[in-house]
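Working notes for the structure below.
The values are calculated or read from the model by the stated rules, or taken from the named source; none is laboratory data. In this text, all values refer to a predicted model and were calculated from it rather than measured experimentally. Cβ placement follows ideal geometry from the backbone for every residue including glycine, while neighbour counts extend to all protein chains displayed. Just so you know, the surface numbers come from the protein's heavy atoms only, side chains and all, with ligands and any DNA or RNA stripped out. Shrake-Rupley method; radii C 1.70, N 1.55, O 1.52, S 1.80 Å.
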Amino acid sequence: MCEMECDNSVPQLKNLSKIERVSNTVNGIPDESELMGSKVSTEDTPTSSDEKLSAAEMTSKDYYFDSYAHFGIHEEMLKDEVRTVTYRNSMIHNKHLFRGKVVLDVGCGTGILSMFAVKAGAAKVIGIECSSIIEHSRKIIEANNMDDKIILVKGKVEEVELPEGIDKVDIIISEWMGYCLFYESMLNTVIFARDKWLKPDGLIFPDRATLYVCAIEDRQYKDDKINWWDSVYGFDMSCIRKVAIQEPLVDVVDHKQVVTNSCLVKEVDMYTVKVDDLAFTAPFHLQCRRNDYVQAIVAFFNIEFTKCHKRTGFSTAPMLTIHIGSRLYFILTTV
């Protein structure tokens with residue numbers, strides 16, 4: 001029996017150090033034809049946040065402290081087709097839930113989810129984004145003739161207010177998940193938005209998340225990443241090895257490497273979860289399914305949109321054969 005500890009920053013496993021993340025579908029292939037057409041609008045709402053530099057004024061130092069202003073981050077997220085298409089289908093295939101509704105997009109980024117919401121029939125969408133990417137989001141929304149329905153608000157969710165005349169929202173959408181579900185996630189922010197602005201009968205997309213662990217065989221990876229420090233160009237750098245093995249790693253895990261069952265360590269209901277719930281300790285038990293070595297413990301998560309008319313969601317499980325993105329895993333120190 002082992003225990004997993006999480007403080008919403010870096011998850012830790014006793015005597016472990018390796019993790020990974022990947023997106024896989026659990027709901028079928030999307031219909032690309034539904035992406036074309038429809039409208040939205042954008043205007044800035046004053047916030048209490050300090051005014052930030054424009055993208056043109058930002059230096060490399062500014063980008064370091066405003067990482068989501070980097071186009072590469074958004075490109076990586078948008079090219080994760082399984083995740084992006086699942087979000088799209090959860091809205092486009094459930095227009096009866098979005099028609100005529102006011103939608104809040106927490107951490108809207110390029111505005112892709114806001115535009116999906118408009119396609120699904122939302123009457124108004126408010127996109128809140130703290131980073132400077134919002135300047136380009138505005139141009140994207142205008143270029144797609146949706147600036148009459150989408151309102152962009154620049155600033156931190158905890159510091160801004162909704163546009164005049166809007167006190168509550170019907171639906172909150174957000175791509176809040178981080179590595180190992182909680183690491184660098186926006187869950188705290190979504191909880192704040194839910195408690196402040198969501199109507200009593202409002203919806204959250206997605207609304208359920210589950211975190212699992214399993215064990216894998218990966219001797220080659222451990223040799224390449226950890227044991228490599230024992231002799232670097234003939235020099236002993238093993239002192240770094242001791243530190244490196246304590247850090248979780250993000251990479252892709254092949255399903256053939258999994259040697260145990262999976263164990264649920266955390267379940268999140270977006271309608272009831274509290275910030276205090278995000279720091280937790282969870283015992284888990286894994287049973288080997290074949291005779292093999294175990295070099296690492298892998299953490300992966302499943303995301304579900306339970307209010308859809310049919311099961312919709314995606315998973316980062318290494319057991320699935322479609323590998324998009326990467327997973328987080330902890331390398332065992334004793335193997």
Taking region 279-291 as the search range and keeping residues that are surrounded by 15 or more Cβ atoms within 10 Å (Cβ to Cβ) and under 30 Å from residue 223 (Cα atoms), which one is farthest from the chain's Cα centre (by Cα)? 286
Can you pull out the residues in region 125-158 that are in contact with a Gly (Cβ under 6 Å, 6 or more places away or on another chain) and in a helix (DSSP H, G or I)? 137, 140, 141
Neighbours by Cβ (under 6 Å, 6+ apart or cross-chain): first from region 197-226, farther than 19 Å from residue 258 by Cα; second open to solvent by 10 Å² or more (accessible area, probe 1.4 Å) and small (Gly, Ala, Ser): 226/244
In the set 241, 219, 289, the lone residue that is in contact with an Asp or Glu (Cβ under 8 Å, 6 or more places away or on another chain) and of a type in the set (Lys, Arg) is 241
What number of residues in region 169-201 are touching a Gly at 6+ places or on another chain (Cβ under 9 Å) and among the basic types (Lys, Arg)? 1
Of the residues 281, 306, only one is assigned to a loop (DSSP other than H, G, I, E, B) and either free of Cβ contacts under 8 Å to residues at least 60 places away in the same chain or among the polar types (S, T, N, Q) (or both); which? 306
Which residue pairs have Cβ atoms under 7 Å apart, sit 6 or more places apart or on different chains, and have a first residue in region 77-97 that is assigned to a loop (DSSP other than H, G, I, E, B) and a second that is open to solvent by 30 Å² or more (accessible area, probe 1.4 Å)? 80/324; 80/325; 94/309
Residues of region 157-176 that turn out to be of a type outside the set (D, E, K, R), within 12 Å of residue 104 (Cα to Cα) and out of contact with any Pro (no Cβ under 9 Å at 6 or more places or on another chain), as a count: 7
Would you tally the residues in region 173-219 being under 17 Å from the mean Cα position of the chain (by Cα) and either over 13 Å from residue 271 (Cα atoms) or among the polar types (S, T, N, Q) (or both)? 18
Please go through region 130-155 and give me each residue that is modelled with pLDDT of 95 or more and open to solvent by 20 Å² or more (accessible area, probe 1.4 Å), ordered by number. 138, 139, 140, 142, 143, 144, 145, 147, 148, 149, 154
So which residues in region 105-124 are farther than 17 Å from residue 84 by Cβ and buried (at least 23 other Cβ atoms within 10 Å of the Cβ), if there are any at all? 122
